[in-house]
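I have placed the structure first, in the form of structure tokens, so that the comments after it can refer back to it.
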Amino acid sequence: MSIPPKDEVYISTDIESDGPIPGPYSMLSFASAAFHNGKMVGTFTANLELLPGAEAHPDTKKFWGENPVAYAATRVNPQDPALAMANYVAWVKSLGGKPVFVAYPAGFDFLFVYWYLIAFAGESPFSFSALDTKTLAMAALGCSYRNATKRNFPKRWFSPGKPHTHVALDDAIEQGEMFVRILDEVRGKVAPR
């Protein structure tokens with residue numbers, strides 16, 4: 001499948017890490033779900049080997065201690081980051097269209113993905129930018145940024161039966177479906193209820 005070159009393809013991405021920034025801490029896992037014309041057209045996921053010399057941040061270590069099933073999912077068949085990021089770039093390019101990185105919050109997820117792309121693949125198919133679902137929700141709701149949180153989102157934006165699991169692929173799909181619903185509403189394709 002190839003998306004027409006002028007069309008945007010929205011790449012909803014979620015990462016799991018063992019700390020707040022890349023370098024001193026590792027990205028444990030990441031996943032993307034690609035959406036074109038409101039439909040999911042592909043997914044990518046990879047668990048990563050830890051960065052040499054990196055250690056888990058105490059706060060993040062505590063979080064993972066409280067979420068052992070999700071943490072265990074990040075440690076299944078970890079790949080060399082260089083291989084994983086090269087495969088990811090190839091996957092994004094194989095979709096066609098103009099890729100747009102989307103995340104909730106983009107400031108966190110894009111930080112890790114962009115750092116790993118440059119460090120291990122030498123390029124970013126997204127250039128330097130990312131679309132933040134939280135900011136889009138702020139515009140859709142007409143509220144302040146700090147009030148644009150999932151607990152304040154209308155139920156119509158959520159996918160029934162898809163909880164936020166802290167497993168990267170689950171969350172990339174769940175948040176991608178949410179992004180599509182918000183975007184459709186902002187564009188007037190569906191009326192707010």
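Please treat every number below as a calculation from the coordinates, not as lab data. Keep in mind the model is a prediction, meaning the values are calculated, not measured. Neighbour counts run over all protein chains shown; Cβ positions are idealised from the backbone, glycine included.
At 222 nm, what helix-only mean residue ellipticity would the chain give, in deg cm²/dmol to the nearest 500, using -39500 (n - 2.57) for each DSSP H run of four or more?
-11000 deg cm²/dmol
For the pairs LYS134/LYS189; LYS6/LYS155; LYS39/LYS98, flag any whose C-alpha to C-alpha distance is greater than 27 Å.
In this structure, LYS6/LYS155 exceed 27 Å between Cα atoms.
So how much slack lies between LEU50 and ASP7, counting 0.36 nm per residue of separation and subtracting their Cα-Cα distance, in nm?
Result for the pair: 11.9 nm of gain on full extension.
With θ taken as phi - 60° and the coefficients 6.51, -1.76 and 1.60, list the Karplus ³J(HN,Hα) couplings across segment 35-45 in order, rounded to whole Hz; mark glycine and proline as x.
Once rounded to whole Hz, the list reads 10, 9, 6, x, 10, 6, 10, x, 9, 9, 8.
Rounded to the nearest 20 Debye, what is the dipole magnitude of segment 3-186 about its Cα centre when Lys and Arg each give +1 and Asp and Glu each give -1 at the C-beta?
That gives segment 3-186 a dipole magnitude of about 520 debye.
With just the Cα atoms defining each centre, how far is segment 6-23 from segment 157-183? Give it in Å.
14 Å
So how much slack lies between ALA82 and GLU123, counting 0.36 nm per residue of separation and subtracting their Cα-Cα distance, in nm?
Value of the extension gain: 13.6 nm.
Pairwise over distinct Cα atoms, reciprocal of the mean inverse distance: report the Kirkwood radius of the chain in Å, one decimal place.
Evaluated over the chain, this radius sits at 17.1 Å.
Give me, ordered by chain and number, the residues 5 or more places off LYS98 or on other chains with an amide H under 5 Å from its own placed amide H.
For LYS98, the qualifying residues are ASP7, GLU8, VAL9.
With everything on Cα atoms, drop me the angle between helix 168-186 and the longest principal axis of the chain, reported from 0 to 90° to the nearest 10.
So the helix axis and the longest Cα principal axis differ by about 20 degrees.
What is the sum of charges, Lys and Arg at +1 and Asp and Glu at -1, for the other residues whose Cβ falls under 10 Å from the Cβ of PHE158?
With Lys, Arg at +1 and Asp, Glu at -1, the neighbours total +3.
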